[in-house]
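One structure is given below, encoded as structure tokens.
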Amino acid sequence: MADTNLPNAPRAQSAIVAESLTRNFGDRAAVDHVSFEVTQGEVFGFLGPNGAGKSTTARMLTGFVRPTSGRALIGGFDVATQASAARRLIGVVAEEANVYADLTVLQNVLLMAELHGLPKLQRLTRASELLQTFDMHERKKQKGRELSKGLRQRLMLCMALVSDPKVLFLDEPTTGLDVVSTHMIREVIQRMNRERGMTVFITTHNMEEADQLCHRVAIIDKGKLAAIDTPAALRNRVSSMRSVEVRFAQSGIQPQDVMAEPIGKVVIAANGFKVFAPDPGRVAQEIATRASARHLSIESLNTLSPSLEEVFMSITGGAHGSH
């Protein structure tokens, strides 16, 4: 086994390593000394407001943009100095689906397989499998230009996956897509990760997507890494945003009717209220006990963690874009 203490030795468990990645445009640092590691077999979300440095970081990791300083490793290979070895391990799906407009669906996938050096028989087998997976087999003779955005994105995924990459990079994979394509793309990402152990790096604005797909997420803001953790742990950081939501069969019940003293913010709703508290379990218990003593009928009582979107807004000061 390679000595992992050597500076250029591949790191056994790390699929992606960013070491103090920095990219300046003029006197502005678009990405400012960003460091993180993505473990093999991890689905890793990269979130940030518009202009925060998400795409620039992804482009440095995939070799499309050279860092001003720092370095990126894929599977232990330096993206700048061992570019061909690093690129062999990756598949990339950019935000704007670039398929060859004059080629058919099948020809697009076969061309990509050929560029990756797959033998002819393997090209056909793999292309056929992927077109079936993405429900594109019936469209294999359609030209690229005839496809909707959702179908183009599915085709881009077929093209990126035909070489069976170890690491898949997805830039805003479901932005502006129809529900069917969105669901299918998320389901295939999860399956490829689960069955093939594929590492997936996703830049996204979509908090629900990050929450659903990612083992860990990093939040970048103004070019710097603001947080990195599991979605659950990030939610726990903002304990002031935990809450209890209660609805009664009776109307007009006020917080003071069932609580000694409401802590934090209270939002009154129809037939109930929502109260923010760092320990929602205890508050819920108090509400249930006092409501029972007063013979009030509770229709629903839920303790709620903050959504990933609320965490994101809290960390970035609410300055994210319109997506």
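What to note about this one:
- Candidate set from the range 291-303 (those that are loosely packed, with under 15 Cβ neighbours inside 10 Å and not acidic (Asp, Glu)); member that is nearest to Asp229 (Cα to Cα): Asn302
- Index of the failed condition, Val246 passing every other in (1) β-branched (Val, Ile, Thr); (2) closer than 23 Å to Gln40 by Cα; (3) buried (at least 21 other Cβ atoms within 10 Å of the Cβ): (2)
- The residue list Pro231, Pro262, Pro280 contains one member that is at pLDDT below 95, surrounded by 14 or more Cβ atoms within 10 Å (Cβ to Cβ) and in the same structural domain as Leu21 (by TED's automatic domain parsing), which is Pro231.
- Identity of the residue in the range 207-223, of a type in the set (Asp, Glu) and not in a strand (DSSP E or B), that ends up nearest to Asp171 (Cα to Cα): Glu209
- Residue, surrounded by the most Cβ atoms within 10 Å (Cβ to Cβ), within the range 175-213, restricted to residues that are hydroxyl-bearing (Ser, Thr, Tyr) and farther than 18 Å from Ser163 by Cα: Thr204
- If you go through the range 214-225 and keep only what is of a type outside the set (A, V, I, L, M) and either in contact with a Ser or Thr (Cβ under 8 Å, 6 or more places away or on another chain) or crowded, with 18+ Cβ neighbours inside 10 Å (or both), you end up with Cys214, His215, Arg216, Asp221, Gly223.
- In the range 224-323, counting only strands (runs of 3 or more DSSP E) that sit wholly within it, the ones holding 3 or more residues that are within 22 Å of the chain's Cα centre (by Cα) span 224-229.
- Filter result for the condition that a residue is touching a strand residue (DSSP E or B) at 6+ places or on another chain (Cβ under 9 Å), of a type in the set (Ser, Thr, Tyr), under 16 Å from Gly223 (Cα atoms) and touching a residue at least 12 places away in the same chain (Cβ under 8 Å), over Thr39, Thr62, Thr56, Thr104: Thr56
The values are calculated or read from the model by the stated rules, or taken from the named source; none is laboratory data. Bear in mind the structure is a predicted one, so any value in this text is a computation, not a measurement. No Cβ is skipped: glycine too gets one built from the backbone with ideal geometry, and neighbour counts run over all protein chains shown.
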